[in-house]
Amino acid sequence: MRRWLHTEEMALEELMQRLNAVSQCTDEIMHQDIIPLYAADIHDQLKKQFAYLSGGRGGDGCPVITFPDYPAFSEIPEKEFQNVLTYLTSIPSLRDAGIGFILVIDRRQDKWTSVKASILRIAASFPGNLQLVLVLRPTGLFHRALSDIAFKFNKDEFKMKVPIIMLGSVSELQGYIDKTQLTEDLGGTLDYCHNRWLSRRTAIEGFAQKVKQTAQILQSFGTELAETELPNDVQSTSSLLATHTEKKDKMKEDIRLAVEQGDDILGSITKPVTENPEYKLNQDQLDNQTTVERLLAQLHETESAFDEFWIKHQQKLEQCLHLRNFEQNFREVKAALDIVSERLSAFTDVGNSCSHVEHILKDLVNFEEKSRETVAKARMLASEGDAFIQSNHYAVDSIIPKCSELHHLCDAFTTEMEQKRNVLNKSLELHGLLEKSMKWCDEGIYLLASQPVDKCQSQDGAESALLEIEKFLDTGAGNKIKELKKVYREYAHILNEDLKEHIQKVFQKQESMEEMFQKRQVSLKKLAAKQTRPVQPVAPRPEAFVKSPCTSPGLQRDCVSNTESGVLRKVNYRRGKTETSELHQSRGGSTMDDEENLAVLRQHVMNELIETERAYVEELLCVLEGYAAEMDNPLMAHLISPELQNKKDILFGNMEEIYHFHNRIFLRELENYVEYPELVGRCFLDQMEDFQIYEKYCQNKPRSESLWRQFSDSVFFQECQRKLDHKLSLDSYLLKPVQRITKYQLLLKEMLKYSKNCEGAEDLQEALNSILGILKAVNDSMHQIAITGYDGNLNELGKLLMQGSFNVWTDHKKGHSKVKDLARFKPMQRHLFLHEKAVLFCKKREENGEGYEKAPSYSYKHSLNMAAVGITENVKGDAKKFEIWYNAREEVYIIQAPTPEVKATWVNEIRKVLTSQLQACREASQHRTLEHTQSLPLPASSCTSPSRNNIRNMKKMDERKADLTGLEGYVTTVASKYPEKGKGWAKTSHSLDASEENDGWSSAEEPLNSSDAEEEAGGGGGGNEMKLIPGKYTVVTDYEKGVSEEFAVKSGDLVQLIREGEDGLWYVKNLTTGREGWIPANNLLMLIGNSKSAQSLSSSESGTASSTLSTSSSCSDSCNASSTSFSDIKG
């Protein structure tokens, strides 16, 4: 940089010197250094032509100045006279002017007095040297004689140092000056035009001024360029270079115009010679020619000096621009290198299996391909910097460190990439060794499990089995791990704790398997060495067997003791050795073989699960990187049609979310169970909530498939498929998530089949049920999104519980009788959607199309709010029918399911919804009175409270993790067929899943629905009188009688019948006020006989009556009822 500044200063100094020389030389040429006077300044004075420089020369080359006859000569102002004489004497060269001037004063038409005055004035004012003064005296006789006499006698008055010669005619004048040097008015042949001379003189001087001004402007411009501070960014540097170049071009254009101007002047001077080669220029013309040529030479010198300076300045600006570009590119490339280096450093995982390592290696290769461009840019930039250094760039000191850093970063990245590749290749080699050992162990276990015990009882069978074992053991040389320490030493640089543990497990498995083979060989050799007579199968005596140290199968289902295997599979899956008697070999061997067969099959299922999971994750990644990411690649944008742009989310849905879940979470969790396949159900249960993401993907699938069909022929997809080398198109891979979520239930069924007696069997069953539940939810949601015509938000209806197609009849109280009759006998095809808060009735419409577009849509018809819905579970005459009614049977819908099983499923689900609403209402009612509850007094009767059954049911339901609870007031209580003597009705409690004889649920809107009443009437044997049983009821009428103790209650209060005492009294608790007491049964029947209770019960002696359950507005009303009073009556 310092060297460059020094060079810049020298270039500027040289330019200034040369341009100053041009200015001085121009002044010298024009004699402006002596007399700074221009023709343009005295143009009007020169134009009077009282004196002119004709260009003629005397004999010795003296310039001739002519004073023509000018009548107003005496009237010329002295200043003008001085200016003209000064200017005329400054025109000839210094050499000619130094010889002296010849003055020709023409006064032939004047008087002597004027001649005398003119001579005296010229003598007094002439600024130059005089060689000779020639005066043409007046031609008149008188004035001529007078001038001769006066001149002789007054000669001393003319104070001139040169002789003054009085001439009488032009012929005498030609004796002193050659005729060719005299103008035509003096009898000569010299071509002179005063206006032309004045115009040419003005042009020459203007050109000289132009040359001088150009030199001065270039001086200023050069100083400006040299003093300009260089910018620090590319844009400013580029702008500065453009600005300076523009100014330089303007300067060059001015110089070009000046040169043209000089050439024009020179051409006008030499024009006569050009037109007539014999024409000879006079001395003044030759001087003008020389002047213009010298001025042109100075102009060219000015241009040359500036060009040389500009070249250096332009080089500096271009180098500065290159430097700024280099610095900017360096920052960008270094940032990119830092990013790829950081990402490369993130490749720390050495993998946990061959496929995993291969996947990481593939990722590394893909990353290397993507980062190759960055490294290439860095190396190219470093080469560019090296070129700057070789070309003596002014900022070499700044460029060298950056180039060195780029070389270092590229080399470090390449080295680290190679190290990562070597580590992964070594890891692949190690996992290959481990998997070969694992596969060898699995094959060995499978071999042991496949050897039939009965055939091994003979000598030939035992020898054949021994031969199989020996052949298999011979294959272990290239498959098994020989020295554990050697493996640790060889792969020490890639081992971590997890990998060490994995190696240890594999080695232990190998040792266990070899020990099993040794035990089997010992047993088989003993059998082969026995006598060859046939062995008769005899049932062994009980005492012949040695008791196994294992506990009962109910406590340790997987415990097997055998002298061959020496490996026990216990509940905690830890191996241990035990000894058994030789007599136990046969039975123990058979048990061991069965368990080993199941273990092998479980392991095969587990291996398939993990391997297919890895392949699935890899396929998802391939689609995301090969298709989805490429849609954002600017280099591929030209292949994507405008209609497809910004449609990535539609085409791929939430596939990226699915990939991250499986890659980061689920696959890793599965690999933790590789040694314990029986427990893999717990892995599914732990991650079950995350599997909900498939619902979103499947809901988007119709849109995705529709979009794919529109653009399946796109060049973009074809190019992506070509790059990925896929044989199948993208739509096949978009179907992978749907296929995968359905695959899990098949694998879980297989695993469950081989794990019936294992500890994890319950988890496997629960996981299978959960996966099937997710598939059902996905399927239901696919139907739900096809609903059309519903104005509200379906999400506000709560979770979708069920959906299916049914025959539906309507039987409404309102409406025209003919319409009602028609509706009774003509069923409607309706598709029902059961939500937590409503049930929707839709009409199914089949669609024409392909793929998902072929799926049906559902036209919304109407819906029922579950808060006002009741059900009748059995409809007389058809086991597949049930009723859904609305608003106290104002609207009744008879539903016919495809099968009784479907009906039972729907009834149970609706029952759960209604029960949950009743429970919520009950809890709200009890919330206010909970703190005022008093202890229950013991009546005289020894009757046992029926609530104990309810408590037992609660505990059982909790233990089974059921959705419903056996809370008091929410179980169906049906009277026994035979009443106990003196005790009223014996009470039996049933759960919500009771048999169909007791499946009726009474409504909160009415104690008994019409269909139930009809069935009871036809049932015979029992009256229609309502019987009192423990439960909760809503008071329907006020009761006011003076008694010893009052209850705070009014119509609408919620009361609980606790138990029946003696003398027809019931112990009752007012849940609204918290007060308790005894009330006669007949009064209770009056108070609650027609009530709209939280639960009402009906029964008959035949036990065949049906009832209904619903939630209603009265339930919520009872929660907020105000209080009144009635008396506790004691009989």
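The values are calculated or read from the model by the stated rules, or taken from the named source; none is laboratory data. Note that the structure is predicted; figures quoted are calculated from it, not measured. Don't worry about glycine lacking a Cβ; one is built from the backbone with ideal geometry, like all the others, and counts go over all protein chains shown. Note: accessible area is taken over every heavy atom of the protein model, side chains too, but ligands, DNA and RNA are not part of it. Shrake-Rupley method; radii C 1.70, N 1.55, O 1.52, S 1.80 Å.
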Among the residues of the range 363-407, write down those that are within 12 Å of residue 334 (Cβ to Cβ) and in contact (Cβ under 8 Å) with a residue 60 or more places away in the chain. 402, 405, 406
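With the requirement that a residue be of a type in the set (Val, Ile, Thr) and surrounded by fewer than 19 Cβ atoms within 10 Å (Cβ to Cβ), what does the range 302-314 give you?
At the first step, the residues of the range 302-314 found to be of a type in the set (Val, Ile, Thr) are 302, 311.
Answer for the range 302-314, where residues must be of a type in the set (Val, Ile, Thr) and surrounded by fewer than 19 Cβ atoms within 10 Å (Cβ to Cβ): just 311.
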Can you say whether residue 50 is at pLDDT 85 or above, open to solvent by less than 10 Å² (accessible area, probe 1.4 Å), more than 60 Å from the chain's Cα centre (by Cα) and over 24 Å from residue 181 (Cβ atoms), as far as the supplied structure shows? no
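Take the residues of the range 584-614 that are modelled with pLDDT of 80 or more and either acidic (Asp, Glu) or open to solvent by 40 Å² or more (accessible area, probe 1.4 Å) (or both): which is nearest to residue 452 (Cα to Cα)?
Once the filter is applied, the top-ranked residue is 598.
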Every residue in the range 848-885 that is open to solvent by 40 Å² or more (accessible area, probe 1.4 Å), at pLDDT 85 or above and either among the hydroxyl-bearing types (Ser, Thr, Tyr) or assigned to a loop (DSSP other than H, G, I, E, B) (or both), please. 860, 863, 879, 880
Residue list for the range 712-723, restricted to those being of a type outside the set (Ser, Thr, Tyr) and open to solvent by 30 Å² or more (accessible area, probe 1.4 Å): 713, 715, 718, 719, 721, 722, 723
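Each row is one residue, and each column tells you yes or no for (1) modelled with pLDDT of 90 or more; (2) among the aliphatic types (A, V, I, L, M); (3) closer than 12 Å to residue 494 by Cα; (4) part of a helix (DSSP H, G or I).
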| site | (1), (2), (3), (4) |
| --- | --- |
| 393 | no, no, no, no |
| 397 | no, no, no, yes |
| 401 | yes, no, no, yes |
| 409 | yes, yes, no, yes |
| 414 | yes, no, no, yes |
| 418 | yes, no, no, yes |
| 424 | yes, yes, yes, yes |
| 428 | yes, yes, yes, yes |
| 431 | no, no, yes, yes |
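Being of a type in the set (D, E, K, R), in contact (Cβ under 8 Å) with a residue 40 or more places away in the chain and touching a Gly at 6+ places or on another chain (Cβ under 6 Å), is that true of even one residue in the range 299-316? Steps first, please.
Filtering the range 299-316 for residues of a type in the set (D, E, K, R) gives 301, 303, 307-308, 312, 316.
When the remaining residues are screened for being in contact (Cβ under 8 Å) with a residue 40 or more places away in the chain, the result is 301, 303, 308, 312, 316.
Add one more test, that the residue is touching a Gly at 6+ places or on another chain (Cβ under 6 Å), and what stays is none.
Within the range 299-316, none of the residues are of a type in the set (D, E, K, R), in contact (Cβ under 8 Å) with a residue 40 or more places away in the chain and touching a Gly at 6+ places or on another chain (Cβ under 6 Å).
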Report yes if residue 118 is small (Gly, Ala, Ser) and open to solvent by 10 Å² or more (accessible area, probe 1.4 Å), otherwise no. no
Sole residue being at pLDDT below 85, exposed (fewer than 14 other Cβ atoms within 10 Å of the Cβ) and in contact with a helix residue (DSSP H, G or I) (Cβ under 9 Å, 6 or more places away or on another chain), chosen from 155, 159: 159
Can you confirm whether residue 218 is open to solvent by less than 80 Å² (accessible area, probe 1.4 Å), under 30 Å from residue 327 (Cα atoms) and touching a residue at least 60 places away in the same chain (Cβ under 8 Å)? no
Where residues in the range 64-88 are under 19 Å from residue 101 (Cα atoms) and free of Cβ contacts under 8 Å to residues at least 40 places away in the same chain, which of them is surrounded by the fewest Cβ atoms within 10 Å (Cβ to Cβ)? 88
Check off (1) open to solvent by 40 Å² or more (accessible area, probe 1.4 Å); (2) farther than 23 Å from residue 57 by Cα; (3) of a type outside the set (Lys, Arg) for residue 268 and give me the number that stays unchecked. (2)
Failed item in (1) open to solvent by 50 Å² or more (accessible area, probe 1.4 Å); (2) closer than 27 Å to residue 95 by Cα, with residue 299 passing the rest: (1)
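Does residue 508 meet the test of being under 52 Å from the mean Cα position of the chain (by Cα) and either at pLDDT 85 or above or of a type in the set (S, T, N, Q) (or both)?
Details: under 52 Å from the mean Cα position of the chain (by Cα): yes; either at pLDDT 85 or above or of a type in the set (S, T, N, Q) (or both): yes.
So residue 508 fits the description; yes.
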Just for the range 894-912: of the residues that are open to solvent by 10 Å² or more (accessible area, probe 1.4 Å) and in contact with a Ser or Thr (Cβ under 9 Å, 6 or more places away or on another chain), which one is farthest from residue 804 (Cα to Cα)? 894
Mind listing whichever residues of the range 335-350 are under 16 Å from residue 419 (Cβ atoms), among the β-branched types (Val, Ile, Thr) and under 21 Å from the mean Cα position of the chain (by Cα)? 340
Which condition does residue 469 not pass, out of (1) more than 21 Å from residue 357 (Cα to Cα); (2) in a helix (DSSP H, G or I); (3) without any contact (Cβ under 8 Å) to a residue 40 or more places away in the chain; (4) not aromatic (Phe, Trp, Tyr), if it passes all the others? (3)
List pairs: first residue in the range 270-283 and in contact (Cβ under 8 Å) with a residue 40 or more places away in the chain and closer than 20 Å to residue 53 by Cα, second residue of a type in the set (Ser, Thr, Tyr) and assigned to a helix (DSSP H, G or I) anywhere in the structure, Cβ distance under 9 angstrom, at least six positions apart or on different chains. 282/180
Which numbered condition trips up residue 189, out of (1) at pLDDT below 85; (2) in contact with a Lys or Arg (Cβ under 8 Å, 6 or more places away or on another chain)? (1)
When you go through 410, 441 one by one, which is the residue that is under 30 Å from residue 522 (Cβ atoms), in contact (Cβ under 8 Å) with a residue 24 or more places away in the chain and of a type outside the set (A, V, I, L, M)? 441
Somewhere in the range 724-739, is a residue of a type in the set (D, E, K, R), buried (at least 16 other Cβ atoms within 10 Å of the Cβ) and closer than 23 Å to residue 802 by Cα? no
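Tell me, please, whether a residue that is in a loop (DSSP other than H, G, I, E, B) and hydrophobic (A, V, I, L, M, F, W, C) can be found in the range 280-295.
If we filter the range 280-295 for residues that are in a loop (DSSP other than H, G, I, E, B), which is where we start, we get 280-282.
Still in the list and also hydrophobic (A, V, I, L, M, F, W, C): 281.
Yes, the range 280-295 contains a residue that is in a loop (DSSP other than H, G, I, E, B) and hydrophobic (A, V, I, L, M, F, W, C).
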